[in-house]
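> Quick one: structure below, then a few questions.
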Amino acid sequence: MREKRPNILWICTDQQRFDTLGCYGNRFVETHNLDKLADGGVQFMNAFSQSPVCTPSRGCFLTGRYPRTCRARQNGADIPEGEVVLPKILSEAGYICGLSGKLHLSAADPMVRRGTERRIDDGYDEFHWSHDNTNLWLTNEYFQWLKEKDAQYVKKRFKKSRFVQYGWPEDYHQTTWCVEKGIDFIRQAANFNTPWLFSINIFDPHHAFDPPEKYINRYMEVFDEIPLPNYHEGELENKTEWQKIDHEGAYGQTERFNYTHMKERDHKSLKVAYWAMCDLIDAQIGRIINLLEETNQLENTLIIFMSDHGEMLGDHGIYLKGPYFYEPCIHVPLIMYWKNHISPKKVQALVELIDLPQTILDILEYPYHKGMQGKSLWPLISQEEIPDYHKDDIYSEYYNAMPWHKDPTAQASMVRTERYKLVVDHTRSYGELYDLEQDPNETENLWNNQTYSKIKMDMLIRLSNRMAFTVDPLPVRKGRF
Ligand SMILES: [Ca+2]
């Protein structure tokens with residue numbers, strides 16, 4: 001184990017697509033704190049989630065095992081007891097671990113779990129649980145905090161669209177609460193010599209679209225310039241059935257963000273509401289970075305910023321997420337910052353969130369768990385010249401991951417190389433093929449295009465190989481026979 005072990009501040013937002021930060025090319029948002037981290041740290045330009053949905057993605061990047069391998073395959077199901085998450089390994093190695101916000105490795109539905117989310121032996125010593133910003137659980141600590149503050153707020157409608165509301169003001173926001181729990185922990189940690197890991201798992205910018213008034217009003221000046229979603233009338237005709245269903249209502253629910261009934265100002269309002277939530281996250285993260293600096297912990301803390309998956313935000317005529325793998329769904333921000341320890345660079349190589357646990361263990365010079373399936377990013381981070389290769393492709397899966405599509409359920413998977421993306425809808429033996437060089441917006445499905453039949457075959461073999469190699473490496477073979 002490394003002699004001087006760094007602390008780890010692991011910030012993971014919910015449903016934040018890659019193009020929501022200035023450093024990923026968004027010219028509207030105000031994300032100066034994260035942009036600064038990206039400038040001084042390692043910014044992964046092509047980081048992808050292994051599932052477009054919460055529990056499978058989180059199970060995967062916490063265990064270092066693909067969703068169906070670690071069996072955190074579906075929202076609403078419990079991760080099995082035997083799975084080992086990274087904080088557990090760190091805790092055994094002497095770290096004190098804390099969390100604020102959500103975890104979501106088990107069912108987080110108040111209908112089946114009225115208390116809190118059931119936990120496995122996850123290694124967290126401090127656990128400030130708030131699955132989301134709805135008052136559905138007595139134990140949602142965020143609402144206890146609001147009570148303590150005697151906070152009152154009546155939700156108001158944003159006048160440009162019925163899909164957007166003004167949410168809690170910044171001082172009473174769940175994002176603020178999450179960060180404050182982290183601040184309390186880090187302030188106290190400054191008095192100890194024990195290495196720590198703290199997970200800040202903010203619920204935003206997950207829907208509902210309800211940022212503080214101040215944050216969304218900033219966009220009113222540029223409202224007319226806000227681009228409309230990347231959607232071409234008729235593009236869904238030869239795409240998978242799930243998209244057609246969700247186009248008529250997100251999550252297969254008829255009137256929920258039904259694209260066909262939305263107006264231009266609805267799309268723009270939703271976009272600025274989403275970005276406003278990202279801006280608030282950035283402002284709050286600024287506070288915690290300042291605290292690390294003030295308490296002399298910045299140089300000995302590795303900061304990771306990322307999200308579990310993306311949000312369609314109207315692209316391809318769909319809101320929220322589902323059994324599809326467009327870039328907005330699975331391409332996420334990933335930034336690592338460690339003052340005076342890693343030199344700044346932008347990494348273009350394809351990387352997967354599953355690679356994170358082994359990366360962290362490499363940094364600590366601590367052995368991997370035998371069940372892990374990722375590939376450490378440490379060689380990319382530590383080498384001097386700017387590296388451009390890590391792995392050949394990205395694999396992502398959706399095996400009935402959400403309960404919304406039934407009779408039949410949705411089973412779909414994807415493989416993506418630098419140039420091509422292949423998606424298979426296993427339910428209907430149909431799929432999509434995109435040439436990302438010719439069509440970076442993923443408008444034209446080439447699945448039935450004869451010119452691409454050889455590429456389609458190669459990609460199908462690639463996908464089936466990925467499925468074969470994501471089989472569980474456990475239990476480990478002990479002998480020859
Ligand atoms: Ca999520």
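> Quick one: would you say Cys97 is surrounded by 22 or more Cβ atoms within 10 Å (Cβ to Cβ), under 24 Å from Val424 (Cβ atoms) and touching a Pro at 6+ places or on another chain (Cβ under 7 Å)?
Values: surrounded by 22 or more Cβ atoms within 10 Å (Cβ to Cβ): yes; under 24 Å from Val424 (Cβ atoms): no; touching a Pro at 6+ places or on another chain (Cβ under 7 Å): yes.
Taking the combined requirement at face value, the residue does not satisfy it.
> Same structure, new question: In the range 234-283, which residues are touching a Lys or Arg at 6+ places or on another chain (Cβ under 8 Å) and either of a type outside the set (Ser, Thr, Tyr) or within 18 Å of Ala208 (Cβ to Cβ) (or both)? Walk me through it before giving the result.
Going residue by residue through the range 234-283, those that are touching a Lys or Arg at 6+ places or on another chain (Cβ under 8 Å) are 236, 240-241, 249-250, 265-266, 268-269, 276, 279.
Within the range 234-283, Leu236, Glu241, Gly249, Ala250, Arg265, Asp266, Lys268, Ser269, Ala276, Asp279 meet the criteria.
> Separate question: Checking Gln43 against (1) farther than 30 Å from Arg419 by Cβ; (2) touching a helix residue (DSSP H, G or I) at 6+ places or on another chain (Cβ under 9 Å), which test does it fail?
Against the list (1) farther than 30 Å from Arg419 by Cβ; (2) touching a helix residue (DSSP H, G or I) at 6+ places or on another chain (Cβ under 9 Å), Gln43 comes up short only on (1).
> I've got another one for you. Taking Ser269, is it surrounded by 22 or more Cβ atoms within 10 Å (Cβ to Cβ), within 16 Å of the ligand (Cβ to nearest atom), in contact (Cβ under 8 Å) with a residue 24 or more places away in the chain and within 23 Å of Asn26 (Cα to Cα)? Before the answer, list the steps.
Details: surrounded by 22 or more Cβ atoms within 10 Å (Cβ to Cβ): yes; within 16 Å of the ligand (Cβ to nearest atom): no; in contact (Cβ under 8 Å) with a residue 24 or more places away in the chain: yes; within 23 Å of Asn26 (Cα to Cα): yes.
Here the answer is no, as Ser269 does not meet what is asked.
> Among (1) farther than 25 Å from Ala72 by Cα; (2) modelled with pLDDT of 95 or more; (3) surrounded by 13 or more Cβ atoms within 10 Å (Cβ to Cβ), there is one condition Pro387 misses while meeting the rest; what is its number?
It fails just one condition, (2).
Per-residue answers, yes or no, for (1) touching a residue at least 40 places away in the same chain (Cβ under 8 Å); (2) within 16 Å of the ligand (Cβ to nearest atom); (3) in contact with a helix residue (DSSP H, G or I) (Cβ under 8 Å, 6 or more places away or on another chain); (4) not hydroxyl-bearing (Ser, Thr, Tyr):
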{"residue": "Tyr251", "(1), (2), (3), (4)": "yes, yes, no, no"}
{"residue": "Ala276", "(1), (2), (3), (4)": "yes, no, yes, yes"}
{"residue": "Gln284", "(1), (2), (3), (4)": "yes, no, yes, yes"}
{"residue": "Leu298", "(1), (2), (3), (4)": "yes, no, yes, yes"}
{"residue": "Asp308", "(1), (2), (3), (4)": "yes, yes, yes, yes"}
{"residue": "Gly314", "(1), (2), (3), (4)": "yes, no, yes, yes"}
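> Continuing with the same structure: Give Leu350, Leu334 a once-over and let me know the one that is out of contact with any helix residue (DSSP H, G or I) (no Cβ under 9 Å at 6 or more places or on another chain) and among the aliphatic types (A, V, I, L, M).
Working: Leu334 fails: out of contact with any helix residue (DSSP H, G or I) (no Cβ under 9 Å at 6 or more places or on another chain).
Matching residue, one of Leu350, Leu334: Leu350.
> Given the structure, is Ile288 within 30 Å of Ala72 (Cα to Cα), out of contact with any Phe, Trp or Tyr (no Cβ under 7 Å at 6 or more places or on another chain) and assigned to a helix (DSSP H, G or I)? Break it down into steps so the answer makes sense when it comes.
On the way: within 30 Å of Ala72 (Cα to Cα): no; out of contact with any Phe, Trp or Tyr (no Cβ under 7 Å at 6 or more places or on another chain): yes; assigned to a helix (DSSP H, G or I): yes.
Here the answer is no, as Ile288 does not meet what is asked.
> Determine, yes or no, whether Ile330 is among the hydrophobic types (A, V, I, L, M, F, W, C) and in contact with a Ser or Thr (Cβ under 8 Å, 6 or more places away or on another chain).
On the way: among the hydrophobic types (A, V, I, L, M, F, W, C): yes; in contact with a Ser or Thr (Cβ under 8 Å, 6 or more places away or on another chain): yes.
Taking the combined requirement at face value, the residue satisfies it.
> Which number in (1) modelled with pLDDT of 95 or more; (2) surrounded by fewer than 22 Cβ atoms within 10 Å (Cβ to Cβ); (3) β-branched (Val, Ile, Thr) marks the one condition that Thr254 misses?
Going through the list (1) modelled with pLDDT of 95 or more; (2) surrounded by fewer than 22 Cβ atoms within 10 Å (Cβ to Cβ); (3) β-branched (Val, Ile, Thr), Thr254 breaks only (1).
The values are calculated or read from the model by the stated rules, or taken from the named source; none is laboratory data. The model shown is predicted, which means the values in this text are computed figures rather than measured ones. Quick reminder, even Gly has a Cβ in these numbers, built from the backbone with ideal geometry, and neighbours come from all protein chains shown.
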